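What follows is one structure encoded as structure tokens, with my remarks underneath.
The values are calculated or read from the model by the stated rules, or taken from the named source; none is laboratory data. Worth saying up front: this structure is predicted, and the values here are computed from it rather than measured. When we count neighbours, we look across all protein chains shown, and the Cβ atoms used for this are built from the backbone with ideal geometry, even at glycine. Calculation scope for accessible area: heavy atoms of the full protein, side chains included, ligands and nucleic acids excluded. Shrake-Rupley method; radii C 1.70, N 1.55, O 1.52, S 1.80 Å.
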Amino acid sequence: MKKLVPLLALAVTACRPATLDRDLKDIPGLTLHALYDGSSEETVLLEYDSPAGSSCYRIPAETSLTVNGESFTLDKRGEVYDTPSGFFGCQFPRFKGPARTAEEPLTDYILSDGKSSLRAAFKQLHATRSFRITVNGVEQTTKLRNGSAVDIEWSPVSDVIDGAQVAFRLDGTPEGEEDTYTIQGLRVDANHIRFVLDVRRLGNFTLRVTAQGQAGVAACEGFTSCQGDFVEEVRIPMTIE
């Protein structure tokens, strides 16, 4: 399960901002944001500081982006965006290209406009996510005891989790009925999700762990920040005793 981040920033103002042509080095707060929704295509967004009423920036037409040596297509150079409600905002520059493979250990982005070159690299950006469950340091693969202090270690270990949901759905629930226990009081630390298991019924469940966050950053050179989003849901059978 994946979700794209919006591709524009709304600078709500009554006065239409200007669109200014700028080299990469002259755009304030430039950030590379790699977006992927599980399809065959990937979007790379170049965000920047855009407070209300500020100008929008258009990157040079000759700006190029390569990802592990493969060229992406410049889809939008950046411009003022008119909203349906009559306000204005900045549509960020963006590139599009083929999605990278799950087996790729490092995804390396090189952005250049001929005058400067910037780099962002992410660890296991499109890797297949999984997790390992332990209780008191002992791995649990099929059973959990109600009341246990559970530690879910998300993989790849380089991922940094921003938010998570853990839910247990009782097996055999009739279609259209819901018998799901969503765990409250999750504690998230880097790639770990911790909680005390507390459900009202025992039996066989499907454990659903949903996490969103950032892939590990191996390099971020010339950008203010580099972001590689992921949103994943992983399901496994689990018995609660």
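Hand me the GluC sites (Glu not before Pro) from region 64-115 located in a DSSP loop with no more than 12 other Cβ atoms within 10 Å, in residue order please. Before the final figure, lay out the partial values.
Details: sites: Glu70, Glu79, Glu103; in loops: Glu103.
Sparse-neighbourhood loop GluC sites (Glu not before Pro): Glu103.
In terms of distances greater than 22 angstrom between alpha carbons, the cross-link table entries Lys25/Lys76; Lys25/Lys123; Lys96/Lys123 yield Lys25/Lys123.
Our coupling estimate for region 220-232, obtained by passing each phi through the Karplus curve with A = 6.51, B = -1.76, C = 1.60 and θ = phi - 60°, is 8, 10, x, 8, 5, 7, 10, 10, x, 6, 9, 9, 9 Hz, Gly and Pro reported as x. Among Thr173, Thr128, the sequence by solvent-accessible area, most first, with a 1.4 Å probe is Thr128, Thr173.
The alpha carbon convex hull volume per residue for region 179-228 rounds to 113 Å³.
What's the extension gain from Leu20 to Thr101 if we count 0.36 nm per residue and subtract their Cα-Cα distance? Before the final figure, lay out each step's value.
Values: separation 81, 0.36 × 81 = 29.16 nm, distance 3.61 nm.
Between Leu20 and Thr101, full extension yields an extra 25.5 nm.
From the list (1) 53, 44, 30; (2) 64, 41, 29; (3) 64, 45, 29, can you say which value of Cα extents along the principal axes in Å was derived from the structure given? Only one option fits the structure, namely (2). Taking 7 Å steps out from each Cα toward its Cβ at Ser39 and Glu221 produces label points 3.2 nm apart.
Once you divide the Cα radius of gyration of region 106-208 by 2.2 N^0.38 Å, the number left is 1.47.
Loop-located GluC sites (Glu not before Pro) across region 120-214 with a Cβ neighbour count of 12 or fewer within 10 Å are Glu175, Glu177, Glu178, with loop assigned by DSSP.
Loop sites by DSSP among the trypsin sites (Lys or Arg not before Pro) of the chain, restricted to those with at most 15 other Cβ atoms within 10 angstrom, leave 4-114 as the longest stretch without any of them.
Basic side chains Lys and Arg get +1 at the Cβ, acidic Asp and Glu get -1 at the Cβ, and with that the dipole of the chain about its Cα centre reaches some 260 debye.
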